[in-house]
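Chemist: Here it is, the structure, as structure tokens.
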């Protein structure tokens, strides 16, 4: 069976979309090939994302990427993970299905590190 290709898109590709890509590639690799990108990529992945993935035993070495990198790539599914990405989602991302789920940005979370870590785990 051919794997389905999914792109997770958020603003900075530093948190939500990186987390989704890593989890899908670790847990659903027999059916899905996941990628992630940002409409305005950040300089680095949020440290709590790396921490949560390490706790889960999921290998991770991702870096923020621009959606432009995927200009000539077809996807079966594009998932926008914030309102900004949904509004700015490039039209050239193929003819696949588009789905939107709005999740909080780890970079904007407030509270102690323990509280923010708990919130990232719930993503």
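The values are calculated or read from the model by the stated rules, or taken from the named source; none is laboratory data. Worth saying up front: this structure is predicted, and the values here are computed from it rather than measured. We place every Cβ from the backbone using ideal geometry, glycine too, and count neighbours over all the protein chains shown.
Chemist: Among 31, 71, which is at pLDDT 90 or above, surrounded by fewer than 15 Cβ atoms within 10 Å (Cβ to Cβ) and farther than 19 Å from residue 123 by Cα? Even if it seems obvious, please write down each step before you answer.
Modeler: On the way: 71 fails: at pLDDT 90 or above.
Only one candidate passes the filter, namely 31.
Chemist: Using the structure shown, decide if residue 22 is part of a loop (DSSP other than H, G, I, E, B) and either surrounded by fewer than 22 Cβ atoms within 10 Å (Cβ to Cβ) or out of contact with any strand residue (DSSP E or B) (no Cβ under 7 Å at 6 or more places or on another chain) (or both).
Modeler: When the stated conditions are applied, residue 22 does not pass them.
Chemist: Would you mind telling me which numbered condition in (1) surrounded by 12 or more Cβ atoms within 10 Å (Cβ to Cβ); (2) modelled with pLDDT under 90; (3) assigned to a loop (DSSP other than H, G, I, E, B); (4) more than 11 Å from the chain's Cα centre (by Cα) residue 103 fails?
Modeler: Residue 103 satisfies all of (1) surrounded by 12 or more Cβ atoms within 10 Å (Cβ to Cβ); (2) modelled with pLDDT under 90; (3) assigned to a loop (DSSP other than H, G, I, E, B); (4) more than 11 Å from the chain's Cα centre (by Cα) except (4).
Chemist: While we're here: Which count do you get for residues in the range 79-97 that are modelled with pLDDT of 80 or more, within 14 Å of the chain's Cα centre (by Cα) and either assigned to a loop (DSSP other than H, G, I, E, B) or farther than 17 Å from residue 12 by Cβ (or both)?
Modeler: Number of matching residues: 2.
Chemist: Taking the range 34-59, which residues are over 11 Å from the mean Cα position of the chain (by Cα), buried (at least 19 other Cβ atoms within 10 Å of the Cβ) and touching a residue at least 40 places away in the same chain (Cβ under 8 Å)?
Modeler: 39, 46, 48, 52
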